[in-house]
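Notes for the one structure printed next.
The values are calculated or read from the model by the stated rules, or taken from the named source; none is laboratory data. None of these values were measured; they are calculated from a predicted model. Here Cβ is always computed from backbone atoms with ideal geometry, including for glycine, and neighbour counts include all displayed protein chains.
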Amino acid sequence: MRICSIVGARPQFVKLAVICHALAEDSGHAPWRHTIIHTGQHYDSGLSSIFFEELGIPRPNYDLEVGSGSHGAQTGEMLKRLEPVLDAETPDWVLLYGDTNSTLAGALVAAKAGFSIAHIEAGLRSHRRAMPEEINRIVADHLSELLFCPTALAVENLRKEGLDQRAVMTGDVMYDACLEFRDIAAKRSHPLADSWNPGAFALATVHRAENTDHPDRLREILNALDFIARTVCPVLWPLHPRTGKRLSEMRWSARSVTIIPPVSYLEMLLLEARARFILTDSGGVQKEAYFLEVPCITLRDETEWQETL
């Protein structure tokens, strides 16, 4: 069976690792041919290549090198570059992951070309159409033949949209990843994580457009992180490139907060497990905090992962 996985962003690489390992374990029973297409949505080495190396994911068969841009420009470029690849590969199934622009572009190209689509992490809803990820996941779900749901609530969301006949309750591949890699992370030497004592610091991540693209909102978050660092405990902040650009534009200085470059997945798992608490607008980090039983403050007005609340 020929399968094409379309990925482009850090959380998708983590999910892809679980699928790659499962296919490798089953290779003696089924003749899988798994092609990995990397759109290049995340192209910084700290958000991309290091994940393939660290998680044991085969190098992508295709790297489309789309890069950053507005939603329309980025998605349009993906459509243009994905179409000839899928036409050449003629997959039996196209696997989509999560809710990024790579997910949206993959769904549109595969559906128009007549390829069967399976969506991993289907059925999530924040019920906020102004959120770009909400549009991406809705379109992907409605164009997919198989909807792999991580939670019972996701299945219920699809039932309300008349899609429950396509839904399969599989559980969460991010939980599989956490189980598989947390022991590996603990056994490896990570100087950064080892330099922060368990329970002695807060860990923060901020990257969503709803927070970073609104100066007043971002400034409130920055002031809160600074207040926590001065009055509660040190705050460690691995900085996403999008947010770093906004901070430069605002000319905000770190003051009490310790800002570092993006970290690898294994380092992030260690930092999450050792944190006193976590502040984040990332769905993946929300879940990992829950899996690791670390208190989490969600920096959003709503979340598709309502179970974490």
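Any residue that is acidic (Asp, Glu) and at pLDDT below 90 - is there at least one of those in segment 78-91? Within segment 78-91, not a single residue is acidic (Asp, Glu) and at pLDDT below 90. Here 307, 272 are screened, and the one residue that is buried (at least 19 other Cβ atoms within 10 Å of the Cβ) and charged (D, E, K, R) is 272.
One residue alone among 218, 179, 192, 222 is modelled with pLDDT of 90 or more and either under 30 Å from residue 20 (Cβ atoms) or aromatic (Phe, Trp, Tyr) (or both), and that residue is 179.
Checking segment 220-236 against the condition returns a match, with at least one residue being assigned to a strand (DSSP E or B), in contact with a Leu (Cβ under 8 Å, 6 or more places away or on another chain) and among the hydrophobic types (A, V, I, L, M, F, W, C). If you go through segment 237-257 and keep only what is closer than 30 Å to residue 55 by Cα and in a loop (DSSP other than H, G, I, E, B), you end up with 239, 240, 257.
Quick grid of which residues meet (1) of a type in the set (Asp, Glu); (2) assigned to a strand (DSSP E or B):
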residue	(1), (2)
259	no, yes
267	yes, no
273	no, no
278	no, yes
285	no, no
297	no, yes
301	yes, no
307	yes, no
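State whether the residues of segment 200-208 include one that is within 22 Å of residue 237 (Cβ to Cβ), free of Cβ contacts under 8 Å to residues at least 60 places away in the same chain, assigned by TED's automatic domain parsing to the domain that holds residue 289 and among the hydroxyl-bearing types (Ser, Thr, Tyr). Looking through segment 200-208, none of the residues is within 22 Å of residue 237 (Cβ to Cβ), free of Cβ contacts under 8 Å to residues at least 60 places away in the same chain, assigned by TED's automatic domain parsing to the domain that holds residue 289 and among the hydroxyl-bearing types (Ser, Thr, Tyr).
Part of a strand (DSSP E or B) and farther than 30 Å from residue 274 by Cβ, is that true of residue 127? Taking the combined requirement at face value, the residue does not satisfy it. Residues that are in contact with a Ser or Thr (Cβ under 6 Å, 6 or more places away or on another chain) and free of Cβ contacts under 8 Å to residues at least 60 places away in the same chain within segment 253-292 comprise 286, 290, listed in sequence order.
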